Amino acid sequence: MLAVRWRRWKVPAYSVETKLGPEEAIGAARAYFGEGGLGLEAEGRGPCCVAFEGGGGFVVVTADAGEKRTTVHVETREWDYQVKRFLRDNRLIKQGKE
C-alpha cells in the first residue's frame, strides 16, 4: 500500500514496503531517477539513501530494513507524478506484493 504524508513544509512524502533489500531498492531508485532514467543529478548517495536534484525540484529516497520487508520512503518537490509512478510501476511494488 502506498502511503502519503505531508511534512510541515508542505513536501509530500511517500512510503511503500518491499521484499527488496535496502541496497536493491536504492539501486532501483538510481536507475529510475538518475542517468539512464529521468536524468536527475544525484546529489548524495549511500547504501540506504540517495538524493536527486533537477527540474526545479528534488527527490530523496531512503530505505529502512525491517525484519521481513524494507520500507522505502520518498520525499519530493516537483516530481510527485514520477515518484508515484516509480513506486507503483517499479519492481518495488511487485516485490512487495509477493
*When the C-alpha atoms of the stretch 3-96 are aligned to their principal axes, what extent does each axis show, in angstrom, from largest down?*
36, 31, 23
*From the phi of every residue in the stretch 29-46, what ³J(HN,Hα) in whole Hz does the Karplus formula 6.51 cos²θ - 1.76 cosθ + 1.60 yield, where θ is phi - 60° and glycine or proline is x?*
5, 4, 5, 6, 8, x, 4, x, x, 6, x, 6, 7, 6, 9, x, 9, x
*What are the aspartates and glutamates whose alpha-carbon lies under 19 Å from the alpha-carbon of LYS19, with same-chain residues fewer than 8 places away excluded?*
ASP64, GLU67, ASP89, GLU98
*Just rank THR62, THR70, fewest to most, by other beta-carbon atoms within 10 angstrom.*
THR62, THR70
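Just so you know, all these numbers are worked out from the coordinates, no wet-lab data involved. Worth saying up front: this structure is predicted, and the values here are computed from it rather than measured. Note that each Cβ is placed from the backbone with ideal geometry, even for glycine, and that neighbours are counted across all protein chains shown.
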